[in-house]
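To start, the structure itself, in structure tokens.
The values are calculated or read from the model by the stated rules, or taken from the named source; none is laboratory data. Since we're looking at a predicted model, the values are computed, not measured. Positions of Cβ are generated from backbone atoms using ideal geometry, with glycine treated the same way; all protein chains shown enter the neighbour counts. Remember, those area values only see protein heavy atoms, side chains included, never the ligands or the DNA or RNA. Shrake-Rupley method; radii C 1.70, N 1.55, O 1.52, S 1.80 Å.
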Amino acid sequence: MALDNKPPRTVSAFFADDPAAADKAFFGRVANPDRRGFLRGAGLATMTAMVGANIPFSANMPQGLVPAAFAQDDVLFGKDGLTLLNDRPVNAETPAHLLDDPITPTNRHFIRNNGLEPLDVDPDTWTLTIDGLVDTPLELTIADLKSQFEVVTMALTIECGGNGRAAFDPPARGNQWTLGAVACSNWTGVRLKDVLNKAGVKDGVVYTAHVGADEHLSGDPDKLPISRGLPIAKAMTDNVLIAFEMNGGPIHPQNGAPLRLAVPGWPGSCSHKWLTRITLRDIVHDGPKMTGTAYRVPSYPVSPGEKVDKKDFEIIERMPVKSLITSPETSTEAGRTIEVRGHAWSGDRTVAALDVSIDFGVTWQRATLDAPVNSGAWQDWRTEIAFPEAGYYEVWARATDSAGEQQPFAIAWNPKGYLNNTMHRVALRVS
Amino acid sequence: MTYATPLAAALLVLTGLATALPSTATEDAEFDPSIYEADEFGVLKIAAGVETTYYTCAGCHSERIVAQQGLTWDGWDELLDWMIEEQGMGELDPRDRTEILDYLAEHYNEDRPNFPR
């Protein structure tokens, strides 16, 4: 029996060890020489954003003070209303009705970690290495990224490949995500394409390989928790960013601060967090969670529970057409006439139509569907619904994308529980 | 249920015990849940095998990921192989491994009797 039970590292332990370093790492905060306040405002905006209000007495705040708003040792520090699936590594999803905003606030963005998040995430000393099959390897600080490349802000939809896994029967291994491992926040950064072009992409490059600063659960420093990549053509698209800001503020520590990739429409694992290195390779990258059955589905339909040979799995690329109903909340009371609304998305495509049914799919009503605010953003939709009489109803939403593909009713079961894009159903009692 | 005589009832109990003894029921009979705090093993169900399971798994990851799964005995067996072969977990003592697999297959099988939500 293994008795070397390693306690989870906690935020408060980090602050206890070195309050100044912790302040800097978590909030970008530097205190005044009297160890109170925020030297020239360093970190005040971050802390304000994380507690959700201005701090009138901020000048009095001692160095290393963890705001009581963040309960001690709360792994969901700075998040609001998320459902914790796992606390080591941290995995948490957002209930659908809390994803109602067109742009997902930082405190509502889901968390999917494969390893233990790094504790030193100082943006001033962080570097990104670009190497492998490039003409000139680069080592760039975040300041270099900002000064050498065009800085852009885009709303980008990131969805975990296993979102919806909880509905698989027989169950599939992994975190049992229901609906909320998806978000569309504003990401500010530079285009991956621009950085790769500056390094010079050599002939024969097939794939990128991503490395982050998080630590493998086993504690083995030679093991990466995850290292996935992108086909070079995808890496060179305009909406793939190396991001250093989230919603105009710092990236949340659990969402990959201070630097991450944002790759819309592909499994979230492509959007590498705590990014330190991108290597260009002349083979399909074979890092952890690129091989075997990770982030792969069988190349043909299989029956639920079927054993599938490893060689028949293929790497997931774009995520399928999907939608969410973000208002009203499921299992609530409703009046006879209500607005139903939500978001719809389809990886590398746009959504062409969104239909809603209140009679178990017999008839459908077309919703108003907005264009995406930019390539890679989800699309908002809304419609007025009039219920014919009081009683129990289910509102179903069904998106159809620009290639004519539609959300199914039943899950296309696969052994690892990926790509569940079945219709979202919301239960209402109408009075 | 009633029995014609106390002797018949006693015989039935004895027979039942005798057939149960060679199986794993010995451990169950010895397992006393009252010696543990309710949350001593996090969200894991307190039953025979929980202690070995918890300390083996929680060395590297939260027990919450364990409790979310619904796998057959063979499914859990494969998952342990994967942890040993690819994730840096040490080989388990065969008796511990069997105890862990029996516990997991009993309480975290495909019918998900203890799914946390």
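Extending each Cα 7 Å along its Cβ direction at A:Asn197 and A:Asp135, get the distance between those two points in nm, one decimal.
Here the answer is 1.3 nm between the modelled labels.
In terms of modelled amide H atoms, which long-range or inter-chain residues lie less than 5 Å from the amide H of A:Glu245?
Amide H neighbours of A:Glu245: A:Thr188.
Per residue, how many Å² of accessible area does chain A show with a 1.4 Å probe? It would help to have the intermediate numbers written out before the result.
On the way: 17470 Å² over 431 residues.
Here the residues of chain A average 41 Å² of exposed surface.
Given contacts defined as C-alpha pairs under 8 Å and at least six residues apart, what's the relative contact order of the stretch A:282-431, whole-number percent? All intermediate terms of the calculation are to be shown ahead of the outcome.
Numbers: 327 pairs, mean separation 45.2, N = 150.
Computed over the stretch A:282-431, the figure is 30 percent.
Cα to Cα, under 20 Å, and not fewer than 8 places away if on the same chain: which aspartates and glutamates meet these conditions relative to A:Lys146?
Correct list for A:Lys146: A:Asp122, A:Asp124, A:Asp131, A:Asp194, A:Asp238, A:Glu245.
Once you list every other residue whose beta carbon is under 11 Å from the beta carbon of A:Trp177, what net charge do they have if Lys and Arg are +1 and Asp and Glu are -1?
0
Give the whole-number value, in cubic angstrom per residue, of the convex hull volume spanned by the C-alpha atoms of the protein assembly as shown. Don't skip to the end; give the middle numbers.
Details: hull volume 111.2 nm³, N = 548.
So the per-residue Cα hull volume is 203 Å³.
Working with all protein chains in place, sort A:Lys307, A:Lys289, A:Lys198 by solvent-accessible area computed with a 1.4 Å probe, largest first.
On the way: A:Lys307 160, A:Lys289 55, A:Lys198 100 Å².
Ranking A:Lys307, A:Lys289, A:Lys198 by accessible area, largest first, yields A:Lys307, A:Lys198, A:Lys289.
I need to check one value: relative contact order of the stretch A:298-357, counting alpha carbon pairs closer than 8 Å and at least 6 residues apart, in percent.
Details: 48 pairs, mean separation 18.2, N = 60.
In percent, rounded to a whole number, it is 30.
Report, in whole Å, the centroid distance computed from the Cα atoms of the stretch B:49-67 and the stretch A:384-423.
36 Å
Take every DSSP beta bridge whose two residues both sit in the protein assembly as shown, then give the antiparallel share in percent to the nearest 5.
Numbers: 73 of 81 bridges.
Once the DSSP bridges in the protein assembly as shown are tallied, antiparallel ones form about 90 percent.
If I stretch the segment between A:Ala412 and A:Arg425 completely, what's the gain in nm (0.36 nm per residue apart, minus their alpha carbon distance), one decimal? All intermediate terms of the calculation are to be shown ahead of the outcome.
On the way: separation 13, 0.36 × 13 = 4.68 nm, distance 1.71 nm.
Residue separation times 0.36 nm, minus the Cα-Cα distance, leaves 3.0 nm.
Cα to Cα, under 30 Å, and not fewer than 8 places away if on the same chain: which lysines meet these conditions relative to A:Lys322?
A:Lys322 reaches A:Lys79, A:Lys193, A:Lys234, A:Lys273, A:Lys289, A:Lys307, A:Lys310, A:Lys311, A:Lys416.
Separation of the stretch A:91-136 and the stretch A:148-204 by C-alpha centroid, Å?
9 Å
Show me, for the stretch A:237-248, the HN-Hα J-couplings you get by feeding each phi into the Karplus relation (A = 6.51, B = -1.76, C = 1.60, θ = phi - 60°), rounded to Hz, glycine and proline as x.
Going residue by residue, I get 7, 5, 9, 9, 10, 9, 9, 10, 9, 10, 6, x Hz, with x marking Gly and Pro.
For the interface of chains A and B, what total accessible area is buried with a 1.4 Å probe, rounded to the nearest 100 Å²? The partial results should precede the final answer.
Details: alone 18630 and 8100 Å², together 24390 Å².
So the buried area, both faces added, is about 2300 Å².
FRET efficiency for A:Arg36 and A:Thr153, Cβ-Cβ distance as r, R0 = 30 Å, nearest 0.05?
Details: r = 34 Å, r/R0 = 1.12.
Working from the Cβ atoms, E equals 0.35.
Over the stretch A:263-319, with every protein chain in place, what whole percent of the accessible area is carbon and sulfur at 1.4 Å, could you tell me?
For the stretch A:263-319, the apolar C and S fraction of the accessible surface comes to 50 percent.
Given a Förster distance of 51 angstrom, what is the FRET efficiency for A:Ala45 paired with A:Asp309, based on the Cβ-Cβ distance and rounded to 0.05?
Values: r = 53 Å, r/R0 = 1.04.
That gives a FRET efficiency of 0.45.
Give me the one-decimal nm value for the distance between modelled label points at B:Glu86 and A:Glu405, 7 Å along each residue's Cα-to-Cβ direction.
Between B:Glu86 and A:Glu405, the label points sit 2.4 nm apart.
Output the relative contact order of chain A, whole-number percent, from Cα pairs under 8 angstrom with separation of 6+ residues.
Working: 1038 pairs, mean separation 62.2, N = 431.
Relative contact order for chain A comes out at 14 percent.
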